[in-house]
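What follows is a short report on a single structure.
The values are calculated or read from the model by the stated rules, or taken from the named source; none is laboratory data. Computed from a prediction, not measured in an experiment: that's the story for all the values here. Every residue, glycine as well, gets a Cβ built from its backbone with ideal geometry; the counts of neighbours run over all protein chains shown. Ligands, DNA and RNA are excluded from the accessible area calculation, which covers all protein heavy atoms including side chains. Shrake-Rupley method; radii C 1.70, N 1.55, O 1.52, S 1.80 Å.
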Amino acid sequence: MPSASAPAAHHARLTLILIWSIAALAALFLVWPVWRAFLPLEVWGNEGWNAYHADAAMRGAGLYPAPDGLVANNYPPLSYFLIGWLGRLFGDPLYVGRALSLLATLGIGAAAAGAVRWLGGSKAAALLGGFWFVATMARFFEFYVGMNEPQILGLAVMAAALAWFLKCRAEGRAVEPAILLMVAAGFVKHNFITVPVVCLLWLMLDNWRLGLRAAFAGALGAAAGLALCTWLFAPYFIPDMLFPRTYHWARSFSTIGRLQFILPAMVLWSVWAWAERRTPPARFTALMIGIALVTCLAQKAGAGVDENAQFELIFATSLGIGLSFDGLQRDPWRTGLAPHLIRVVVLGILVVRLLLSTRLEFAYVLFSPQYRAEAAEHAAIARSEAARIAAMPGLIGCSNLVVCRMAGKPFVFDHFKMQMMLETGILTPAQLDAIKRDRGITQVEIDPRAKVTSIWRRMRSD
């Protein structure tokens with residue numbers, strides 16, 4: 001006769017199979033950004049911009065140009081030096097940046113799993129939180145995963161700092177080193193707000209003296225870092241960081257529709273969080289998700305802010321869905337379902353949402369030789385465009401900075417900066433044309449097939 005524990009063991013195996021199916025989906029979805037990372041095609045407009053600045057960091061001059069020029073740099077410096085130094089060791093900083101973005105995505109998943117554990121989640125809950133984050137990013141935000149852009153790298157440092165903070169709190173140790181790591185993350189990319197704010201609030205709610213001490217350490221570290229950057233990159237570091245841009249709340253409202261990708265996970269979390277709202281894990285994740293949602297909408301109002309405004313919210317939701325996986329088994333809605341059935345329902349909802357997408361590039365990479373041949377053809381076009389630009393005399397303002405940099409041309413025209421100067425009234429179109437004419441800059445449009453968007457395969461835009 002089968003033992004009484006046999007059904008429980010069967011249910012546990014089924015749960016693990018479903019959790020690891022999310023890991024398998026994450027690996028499947030990563031096929032596209034990993035494969036794409038080796039192509040000389042521009043993934044997104046920021047790629048060449050970041051690579052040019054990494055080059056400038058290695059030259060030791062010109063990292064923060066004059067604000068009245070035609071080139072801007074409103075990012076902090078750490079990512080440029082890291083990618084530039086690694087570029088010297090392993091090759092082109094463009095491809096190093098792509099590799100770091102891929103590794104950082106995995107690192108954030110690992111940090112999410114660690115944070116769930118330190119907040120009291122089970123091993124299964126930790127695995128779910130980490131796998132869900134990686135799968136969601138690789139599925140719905142794949143143009144950022146594996147792109148030469150420091151947003152995901154900075155979030156990886158911030159996520160590691162959060163896991164370290166929670167570990168220090170659980171073990172009764174000082175949290176200031178973790179807070180200083182959060183400060184360092186801000187010098188990789190400067191628009192991370194949620195994690196440090198939540199950690200300091202959480203600490204102050206428990207012990208206001210410890211909270212003030214940690215806040216003082218963080219403020220001192222940030223001030224020291226800013227002072228050092230202001231001195232090293234004088235006189236333009238602060239003016240460049242305060243780069244003018246337009247703000248429209250309509251952009252924030254447009255982001256609400258993009259929450260569809262994580263909405264099922266947020267709903268599942270909210271059911272558990274409301275039922276167990278007096279428990280520390282529910283309160284902590286409510287702070288994380290609530291503040292991340294507000295900062296996401298606020299940042300999205302700024303021109304040039306893209307899907308990256310949502311990444312802290314996705315990370316916060318990964319903690320929420322991990323912890324709620326344990327709590328939902330206690331049936332907060334009194335449905336009468338057995339715990340193993342609740343687990344299956346929860347995991348089924350998450351898997352189905354990951355599958356429901358029009359993005360099919362990973363399938364084309366795996367199963368279509370014609371698609372891979374077309375991508376190789378577009379890569380050849382990018383190289384031929386670079387050769388064409390290299391043969392042109394004088395200064396060139398390229399519509400595709402990856403191609404312009406491949407051609408060996410200097411970075412002389414920042415399209416986004418000029419757009420913002422026009423929209424904010426700093427320059428008129430006539431003045432901009434006169435500046436380009438005086439400086440001998442020729443605007444050149446690059447073949448659109450030199451961009452990764454030319455090999456997107458989607459049933460429709462989502």
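Contact map, segment 341-364: residues that are polar (S, T, N, Q) paired with residues that are surrounded by fewer than 14 Cβ atoms within 10 Å (Cβ to Cβ), Cβ distance under 7 Å, separation 6+ or inter-chain. Pairs shown: 357/462; 358/458; 358/459; 358/460; 358/462.
Yes/no matrix, rows are residues, columns are (1) more than 30 Å from residue 238 (Cα to Cα); (2) touching a His at 6+ places or on another chain (Cβ under 7 Å); (3) not hydrophobic (A, V, I, L, M, F, W, C):
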residue	(1), (2), (3)
24	yes, no, no
45	no, no, yes
58	no, no, no
61	no, no, no
68	no, no, yes
92	no, no, yes
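Could we say that residue 291 is open to solvent by 20 Å² or more (accessible area, probe 1.4 Å), within 26 Å of residue 250 (Cβ to Cβ) and touching a residue at least 60 places away in the same chain (Cβ under 8 Å) here? The answer is yes for residue 291.
Pairs are defined by a Cβ separation below 8 Å, a sequence spacing of at least 6 or placement on different chains, a first member in segment 164-193 that is surrounded by 16 or more Cβ atoms within 10 Å (Cβ to Cβ) and modelled with pLDDT of 95 or more, and a second member that is in a loop (DSSP other than H, G, I, E, B) and among the hydroxyl-bearing types (Ser, Thr, Tyr); the pairs so defined are 189/75.
Exactly one residue among 160, 110, 138, 126 is at pLDDT 95 or above, farther than 23 Å from residue 221 by Cβ, open to solvent by 10 Å² or more (accessible area, probe 1.4 Å) and assigned to a helix (DSSP H, G or I), and that residue is 110. Looking across 40, 2, one residue alone is in a loop (DSSP other than H, G, I, E, B) and at pLDDT 95 or above. It is 40.
Being open to solvent by 40 Å² or more (accessible area, probe 1.4 Å) and either under 26 Å from residue 143 (Cβ atoms) or not in a helix (DSSP H, G or I) (or both) is a property that does not hold for residue 63. Restricting attention to segment 222-280, the residues being of a type in the set (Lys, Arg) and assigned to a helix (DSSP H, G or I) number 2.
Conditions (1) of a type in the set (A, V, I, L, M, F, W, C); (2) at pLDDT below 95; (3) open to solvent by 60 Å² or more (accessible area, probe 1.4 Å), marked per residue:
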| residue | (1), (2), (3) |
| --- | --- |
| 25 | yes, no, no |
| 49 | yes, no, no |
| 72 | yes, yes, no |
| 75 | no, no, no |
| 82 | yes, no, yes |
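If you go through segment 409-422 and pick out every residue that is touching a residue at least 60 places away in the same chain (Cβ under 8 Å) and either surrounded by 18 or more Cβ atoms within 10 Å (Cβ to Cβ) or farther than 26 Å from residue 51 by Cα (or both), you end up with 8. Go through 383, 388 for me and flag whichever is open to solvent by 60 Å² or more (accessible area, probe 1.4 Å), within 31 Å of the chain's Cα centre (by Cα) and either at pLDDT 95 or above or on the phi > 0 side of the Ramachandran plot (or both). Answer to the selection: 383.
Close contacts from segment 85-114, counting a first residue that is closer than 21 Å to residue 40 by Cβ and among the β-branched types (Val, Ile, Thr) and a second that is open to solvent by 30 Å² or more (accessible area, probe 1.4 Å) and at pLDDT below 95, with Cβ to Cβ under 8 Å and a gap of 6+ residues or different chains, come to 96/90.
In the set (1) part of a helix (DSSP H, G or I); (2) open to solvent by 10 Å² or more (accessible area, probe 1.4 Å); (3) under 30 Å from residue 196 (Cα atoms), the condition left unmet by residue 305 is number (1).
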